[in-house]
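Remarks on the structure that follows.
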Amino acid sequence: MNKLFSLSSFFFTILRKILFLWVRTEVINNSKEGLNLDPNKPVCYVLQHSSLSARLVLEQECLNAGLPSAQAPLELPGESLRRAFFFLYRRQGQWFRKRQSPILTPRLKQLASEILQHPELDVQIVPVSLFWGRSPDKEKSLFKLLLSDNWAVSGRLQKFLIILIHGRKTFVQFNPPISVRQLVDAKQTDEERTSRMLARILRVHFRRVRQTVLGPDLSHRRTLVHTIVQTPNVREVIESTASKEKITFAKAQAKAYKYGDEIASNLTIGTIRFLDIILSRVWNKIYDGITLRNIETVREVSKDCTVVYTPCHRSHIDYLLLSYILFNNGIMVPHIAAGINLNMPIVGSILRRGGAFFMRRSFKNNALYAAVFNEYMHQVFSRGYSVEYFVEGGRSRTGRTLAPKAGMISMTLRSYLREHQRPIALMPVYVGYEKVLEGRTYLGELRGKKKEKESVFGLFKSLKNLRRSFGKVNVTFGEPIYLHKVLDEMQPGWRDDQYDADSRPQWLNPVVDAVAEKIATHINNAAAINPVNMIASVLLSTSRQAMDEQVLAKQLDSFANLLRASPYSNEVPLPEGNGQEWIAYCENMGFVARQQQKLGDIIVLEGTNTILMTYYRNNILHMFAVPALIASLFQNNNSLQRDHIHFLVSSIYPYIKAELFIRWENDAIDSIIDNWLEILTTQQLLIAEGDTFHCPPIGSANYVMLGVLGRIIIQTLERYYISIEVLRKQGPGKITAAELEEQSVQMAQRMSILFGLNAPEFFDKSLFHGFIRNLKKNGFLSVNEEGLLTYAEGIDKVAEDSKLVLNAELRQAILQVTSMN
């Protein structure tokens, strides 16, 4: 028997070596640390389908990773199993009619029997998923049996052809072990029921993993467009368009087909692989590494939900990078919403095959286009395809998370109301660059240069950047937002109603706004700290954007200690390294310059870097907002009472929160203030005497640190003061919201020139618009019948309290400028 076993092992080894002359694998989570295996418990692997090739691959990867062999006997107290693996499905039937069917294999039954007979025994079952080429199935494809591994179970001839065609792109995923003992302890059952329960759990597990890796079956683009145009809602709009434009139904329908063809993605795995190869080389050339966090959250969520990725939008690199990361971590790439301006010759075709679907900037006055696009989105969601869109609409030129646009969120929510059998999870994603590729372009646009239109020539022009280094990239997946949970919380009876394509319940807009705010907040919760944005935060808070090197290093360490003492969120990693290392890093990146002096070198921001660094500071401005707000109160005050601090901070906080999408609710801010007062006191940035807080001694290092911290938020407060003074100067009932917005921008531009403020967002129209909107929301402003703004007496109190924060020179300048208008 042993001789026969040895001979079998010999031939198995020969076949394994022959197979891997051709096969190349990409493996995920095959390390002992990643699997967290208990060395004192036996390990048994499970493969979904009976296949010699799968056994060969499994054994090779176990050997490569130093994991227990799948071919070795599984030693158990009662008896030994011949091999440490089993199949969940086995071939049944006769000759060429054999099919893979779920059965209780003898090894699974033996395993269940041993567990029940020996209470001290536990076995770690490790499910292993294997995909040859991992291309999703194309519905009604003539060649689907040959082209890829898909949802269908392969026959032997088909498997041979699949290995031949796709063997060099084999994907293997080891999944966390399942404790058989925990399952048995939870469900005290007999052997037969234990076996069936274990098999059922494993079948569900493999189905969920397959959904994550392959995604649902993909329709042919032509088939999908035809389905969309033939839906009752779209046909009704076609008839309406034909009548309105006085054209035939056929012409209106042809227009609908044209819109569908313009919109629809044509995702192909061949293009994904091509882009994967190209992008791997590009990333290695221009970036020093990609730091990825919380990818396991995505894997788990995508097993049971349709995932909608909602990343922040900082660069055109964003969507390429996100698809690349997902594909290389065994998760199907999403369908990506892209502006029609990217549907350029050559590039548009590649993007479309990479998963992009294109949308126009506006749907106004084109009901047919809106109907086709809405139905396309509904088909995508209802079929379970993952989707990616940027809720900010366009790329952020300031480094801030922009106010979300409601359009795509509303479409997602309305589609889910129509068909909500499968949950939809919104996955916020933070993408942070140490040096953004379009940085110099943004710099020109922030100075007033007209935004450049994307073109093929512009794309090739940007290729020169590939010769430069852009540091590291941070990609963090935030906390998912489940639509059904939001609806249950805000509209408990939503499941009782029926919804169609035209349904817009009265409560829809508030829910959309709440979801939009959650997305932006969760993106900021996942923001990453790096040397560039830390140095930007400190140097931009100095009067001359310069500081002694040793002082700067200590200031950076102090800022890092604040974040360590009170981490902004669970998703935000603590800073790595120290201030001295960050200075050297930024100097090497070309962000800061060194001016040598005998008394000590000075680190300074020079030229355009002064403006450019505001972009990187704004990436993490929200993390320091509350302690900076507290520190700013001591700019003109040596001491303040705790109650007064609470009053001032809680009065300003709702506007800061709305602008920066800070995580803490307004009614929870008091405890956050107390927490920061304690931290600032512990780190000797404030001195506490009972409920009175004092500044550190003037001239001390801690006094300088408190001033730098406070000045982080000062320009935001100055913007608010400008709007309030413009409003007070005009008086109640004299000016519209649009006029207030425009005059505030003009005043801010003038102040920026007079005081040399190197922050283009200081006169950003959208920020004034948001502040005025929030003044109305919070009851300080109202609109009379003539559309003019009136205000409450509290506005005068706000202006009076500004003396506690803004210095007299700046307040006087603002008053002088506003009185000139």
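The values are calculated or read from the model by the stated rules, or taken from the named source; none is laboratory data. This one's a predicted model, so the numbers in the text were calculated from it and none came from an experiment. When we count neighbours, we look across all protein chains shown, and the Cβ atoms used for this are built from the backbone with ideal geometry, even at glycine. The protein model used for the area step is the full one, side chains on, heavy atoms only, and it has no ligands, DNA or RNA in it. Shrake-Rupley method; radii C 1.70, N 1.55, O 1.52, S 1.80 Å.
A quick yes/no check of all residues on (1) touching a Ser or Thr at 6+ places or on another chain (Cβ under 7 Å); (2) surrounded by 15 or more Cβ atoms within 10 Å (Cβ to Cβ); (3) farther than 29 Å from Leu326 by Cβ; (4) modelled with pLDDT under 95:
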{"position": "Lys449", "(1), (2), (3), (4)": "no, no, yes, yes"}
{"position": "Val456", "(1), (2), (3), (4)": "no, no, no, yes"}
{"position": "Lys464", "(1), (2), (3), (4)": "no, no, no, yes"}
{"position": "Glu479", "(1), (2), (3), (4)": "no, yes, no, no"}
{"position": "Leu483", "(1), (2), (3), (4)": "no, yes, no, no"}
{"position": "Gln498", "(1), (2), (3), (4)": "no, no, yes, yes"}
{"position": "Asp502", "(1), (2), (3), (4)": "no, no, yes, yes"}
{"position": "Gln506", "(1), (2), (3), (4)": "no, no, yes, yes"}
{"position": "Ala516", "(1), (2), (3), (4)": "no, yes, no, no"}
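When residues in segment 716-747 are screened for being in contact with a Leu (Cβ under 8 Å, 6 or more places away or on another chain) and open to solvent by 50 Å² or more (accessible area, probe 1.4 Å), 3 of them pass.
Search segment 162-181 for residues being of a type in the set (A, V, I, L, M) and open to solvent by less than 50 Å² (accessible area, probe 1.4 Å), and hand back the single one that is modelled with the highest pLDDT. Applying the filter and picking the extreme gives Val172. Per this entry, Ser323 is counted among residues that are touching a strand residue (DSSP E or B) at 6+ places or on another chain (Cβ under 8 Å), surrounded by 17 or more Cβ atoms within 10 Å (Cβ to Cβ), within 22 Å of Thr268 (Cα to Cα) and of a type in the set (Gly, Ala, Ser). Restrict the check to segment 292-302 and report whether at least one residue is under 22 Å from Val380 (Cα atoms), hydrophobic (A, V, I, L, M, F, W, C) and over 14 Å from the mean Cα position of the chain (by Cα). Checked against the condition, which is being under 22 Å from Val380 (Cα atoms), hydrophobic (A, V, I, L, M, F, W, C) and over 14 Å from the mean Cα position of the chain (by Cα), segment 292-302 yields no hits at all. For Gly779, the requirement of being more than 30 Å from Tyr442 (Cα to Cα) and open to solvent by less than 30 Å² (accessible area, probe 1.4 Å) is not met. Looking across segment 625-676, the residues that are of a type in the set (S, T, N, Q), within 34 Å of the chain's Cα centre (by Cα) and under 20 Å from Tyr720 (Cα atoms) come down to Ser632, Ser650, Ser651, Asn666.
Residues in segment 70-101 that are at pLDDT below 85 and in a strand (DSSP E or B) were compared, and the one that is least open to solvent (accessible area, probe 1.4 Å) is Leu81.
When Ser639 is tested against (1) under 27 Å from Phe768 (Cβ atoms); (2) in contact (Cβ under 8 Å) with a residue 40 or more places away in the chain; (3) open to solvent by 40 Å² or more (accessible area, probe 1.4 Å), exactly one condition is not met: (1).
Arg273 fails exactly one of the following numbered conditions: (1) among the basic types (Lys, Arg); (2) over 22 Å from Ala520 (Cα atoms); (3) under 25 Å from the mean Cα position of the chain (by Cα); (4) crowded, with 17+ Cβ neighbours inside 10 Å. What is the number of that condition? In the conditions (1) among the basic types (Lys, Arg); (2) over 22 Å from Ala520 (Cα atoms); (3) under 25 Å from the mean Cα position of the chain (by Cα); (4) crowded, with 17+ Cβ neighbours inside 10 Å, Arg273 misses (4) alone.
Residues in segment 748-766 that are touching a residue at least 12 places away in the same chain (Cβ under 8 Å) and open to solvent by less than 20 Å² (accessible area, probe 1.4 Å) were compared, and the one that is nearest to Glu606 (Cα to Cα) is Ala759. The condition of being within 20 Å of Arg168 (Cα to Cα), assigned to a strand (DSSP E or B), modelled with pLDDT of 90 or more and not polar (S, T, N, Q) holds for only one of Val46, Val27, that being Val27.
Condition check for Tyr655 on (1) of a type in the set (Phe, Trp, Tyr); (2) open to solvent by less than 10 Å² (accessible area, probe 1.4 Å); (3) under 20 Å from Lys776 (Cβ atoms): one failure, at (2).
So for segment 724-746 (the condition being part of a helix (DSSP H, G or I), farther than 29 Å from Glu517 by Cα and touching a Lys or Arg at 6+ places or on another chain (Cβ under 8 Å)), does at least one residue qualify? No, because not a single residue in segment 724-746 is part of a helix (DSSP H, G or I), farther than 29 Å from Glu517 by Cα and touching a Lys or Arg at 6+ places or on another chain (Cβ under 8 Å). If you scan segment 693-715, which residues turn out to be among the aromatic types (Phe, Trp, Tyr) and surrounded by fewer than 20 Cβ atoms within 10 Å (Cβ to Cβ)? Scanning segment 693-715 gives a single hit, Tyr703. In segment 766-821, the residue that is farthest from Val708 (Cα to Cα) out of those that are in a helix (DSSP H, G or I) and hydroxyl-bearing (Ser, Thr, Tyr) is Ser819. Of all the residues in segment 546-571, those that are surrounded by 19 or more Cβ atoms within 10 Å (Cβ to Cβ), in contact with a strand residue (DSSP E or B) (Cβ under 8 Å, 6 or more places away or on another chain) and of a type outside the set (Asp, Glu) number 3. Given the structure, is Tyr416 under 19 Å from Glu262 (Cα atoms), in contact with a helix residue (DSSP H, G or I) (Cβ under 7 Å, 6 or more places away or on another chain) and either free of Cβ contacts under 8 Å to residues at least 12 places away in the same chain or open to solvent by less than 30 Å² (accessible area, probe 1.4 Å) (or both)? No. Does Trp664 meet the test of being touching a helix residue (DSSP H, G or I) at 6+ places or on another chain (Cβ under 8 Å), open to solvent by less than 10 Å² (accessible area, probe 1.4 Å) and of a type outside the set (Ser, Thr, Tyr)? Taking the combined requirement at face value, the residue does not satisfy it.
Are any of the residues in segment 655-662 in a helix (DSSP H, G or I) and free of Cβ contacts under 8 Å to residues at least 40 places away in the same chain? Yes: one or more hits.
Residues that are under 35 Å from the mean Cα position of the chain (by Cα) and in a loop (DSSP other than H, G, I, E, B) were ranked within segment 53-69; the one that is surrounded by the most Cβ atoms within 10 Å (Cβ to Cβ) is Leu67.
When the test is whether a residue is touching a strand residue (DSSP E or B) at 6+ places or on another chain (Cβ under 7 Å), surrounded by 16 or more Cβ atoms within 10 Å (Cβ to Cβ) and either among the β-branched types (Val, Ile, Thr) or farther than 30 Å from Ser129 by Cβ (or both), Cys305 does not pass it.
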